[in-house]
Amino acid sequence: MTSVEFDRAMVLEKLGRHEAAREKFAQVVAAEPDNVVAVAMLAVTLMQTGEYSRATEVARDAIRLRPDFAVPWEVVAIVEGVLAERAGDDPRAVQHEEAAIVAARRCLELDPTRVGAYRALALAVRHRDKPGAIAAIETALELDPDNADLHRLRGQILWDGQEPDFCEAGRQAINRALQLDPDDAEALFLLGYDAAHRGELAQADLWLRRAAEIDPGFGSRVRDLLAWIAAARSGNDQPADAFDSASSSPADGGSPARAPAPAAGTDPVRHPGRPARRSQEPVQSKVRAAFRMVGVVGAVIVLAMLFLAKLVNSPLFAPPSQPRHSETFVPGDLRAPITVAPTGAPRWTSPGG
């Protein structure tokens, strides 16, 4: 009977009915607490339904039952990575990252084909070892080359730090993600965000609106950027705060509208790229300082030019017959650097693929 319930739970998990699968696996574990596969799959479905603390506890129970089983190690790596993203600048973030790295490496020692572990490792080291993060993601892509989530995450990591050599490569990676999954709202948002910064306002408008249609959770950030685009089109000053607020990503590393739902084997991500959690703040503060400086310097220059124009046009310098004229100085535009968010919803595939 337990075997039948286990099979039903696996079918539900394959169909994406994670809550129903979780309940079935819980029943199996209650009847057979030493069934390590059932315990591991219970941890997987707890992770998929956003019960991260409980998922970690159950996964570690499975590890105690069978330390050489890769799946629960992968669950721990994924969940600890999500918790690190949620922690933000809290000191506990580092502890979660360390736990994710240890678990991911142990998982890959046991089974070097676990795509989710490579992804979790990339997320955990991206702020401290960018080449290592890129290497982990590229290995995952060798195993699963048509995984849109991995291509998007690769683009986000390439954008971290804003090295010019990586900007175009990151853009290509996120475009590839969109080719594989045209409804990837995060990829659309990232490309729209990038296009706005590069002055491609019409394309940015299309991508951003499409992202908000697919995932309303992007609504507030899309509205901020669309306001910036409207100001740019009308020639008005463009508020730097629009980019600051739009660049922020959900702290849980998933889509803004919902909690991440990991999928086995390809698992979690948001976070979009998203701006590097700790390294992002200095970038944003520098952008704000730069805009303030441009405003002050521009105002001083305009006043100086107007004063000189008035002086030159005065009777002291111009002949009576010479028509008076004035000059207007328009300070140049300063664009904020691209800052990209690590989001994406954690996805996972079952042990059998």
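A compact table of results
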{"item": "Positions within region 209-229 being open to solvent by less than 10 Å² (accessible area, probe 1.4 Å) and closer than 19 Å to Ala148 by Cβ, in sequence order", "result": "Ala211, Asp215, Phe218"}
{"item": "Whichever residue in region 33-82 is farther than 15 Å from Arg22 by Cα and acidic (Asp, Glu) and, among such residues, is least open to solvent (accessible area, probe 1.4 Å)", "result": "Glu74"}
{"item": "Of all residues in region 121-162 being assigned to a loop (DSSP other than H, G, I, E, B) and under 18 Å from His96 (Cβ atoms), the one that is most open to solvent (accessible area, probe 1.4 Å)", "result": "Arg128"}
{"item": "Any hit, region 191-199, residues being outside any helix (DSSP H, G or I), closer than 17 Å to Ala227 by Cα and open to solvent by 10 Å² or more (accessible area, probe 1.4 Å)", "result": "yes"}
{"item": "Condition met for Arg92 (open to solvent by 40 Å² or more (accessible area, probe 1.4 Å) and more than 27 Å from Asp68 (Cα to Cα))", "result": "yes"}
{"item": "Residue within region 101-112 that is out of contact with any Phe, Trp or Tyr (no Cβ under 6 Å at 6 or more places or on another chain), open to solvent by less than 40 Å² (accessible area, probe 1.4 Å) and closer than 21 Å to Trp159 by Cα present", "result": "no"}
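The values are calculated or read from the model by the stated rules, or taken from the named source; none is laboratory data. Predicted, not measured: the structure shown is a model, and the values here were computed from it. When we count neighbours, we look across all protein chains shown, and the Cβ atoms used for this are built from the backbone with ideal geometry, even at glycine. Surface accessibility is based on the protein's heavy atoms, side chains included, excluding ligands, DNA and RNA. Shrake-Rupley method; radii C 1.70, N 1.55, O 1.52, S 1.80 Å.
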